[in-house]
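Asker: Have a look at this one before I ask anything.
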């Protein structure tokens, strides 16, 4: 698979407006309602910035808060995950360039509290940053981490 050469910063700041549309029937049933928000990377970035040190937010909670901001029934889970990755990668890109962003992306965890190996560092970096903040992180093997709350 060919890797994208587009910088994460460009993906983060892509001119894309949020949209509310009719969700797929199976998601409408699963998430309750039909008004689905498709956010954008910058909205996800801004919502993540609000997570205080010492707290985590599940992806479900992140999606719920975004939906509430737009009076939608739910946020598209597929695009929310993609936009979370874009925000995290853009923050790490800034860090590599010498600019420390104010984005605690590591505080966003999956609903089952296992760390996301699709984010920067494949879960290892997220586990390290959470431990630095005082969270207990269980290591099942070298690729599976779980936050103990």
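Bear in mind these aren't lab numbers, they're just calculated from the coordinates by the rules spelled out. None of the values given here were measured: they were computed from a predicted structure. Cβ: placed from backbone, ideal geometry, glycine included. Neighbour counts: every protein chain shown.
Asker: Rounded if a/c is under 1.5, else prolate if a/b is larger than b/c, else oblate: which is segment 77-130, with a ≥ b ≥ c the root eigenvalues of its Cα gyration tensor?
Answerer: Oblate, because a/c is 1.5 or more while a/b does not exceed b/c.
Asker: Pairs of alpha-carbon atoms within less than 8 angstrom and 6+ residues apart define the contacts here; what relative contact order does segment 8-108 have, in percent?
Answerer: Relative CO of segment 8-108 lands at 34 percent.
Asker: How far apart, in nanometres, would the label points at residue 58 and residue 26 be if each is projected 7 angstrom from Cα along the Cα-to-Cβ direction?
Answerer: 2.1 nm
Asker: I've got another one for you. Could you check how many percent of all C-alpha pairs in segment 4-67 are farther apart than 14 Å?
Answerer: For segment 4-67, the fraction of Cα-Cα distances above 14 Å is 66 percent.
Asker: Right, here's the next one. After finding the eigenvalues of the alpha carbon gyration tensor for the chain, what semi-axes result from the square roots of 5 times each, listed largest first in whole Å?
Answerer: 25, 19, 14
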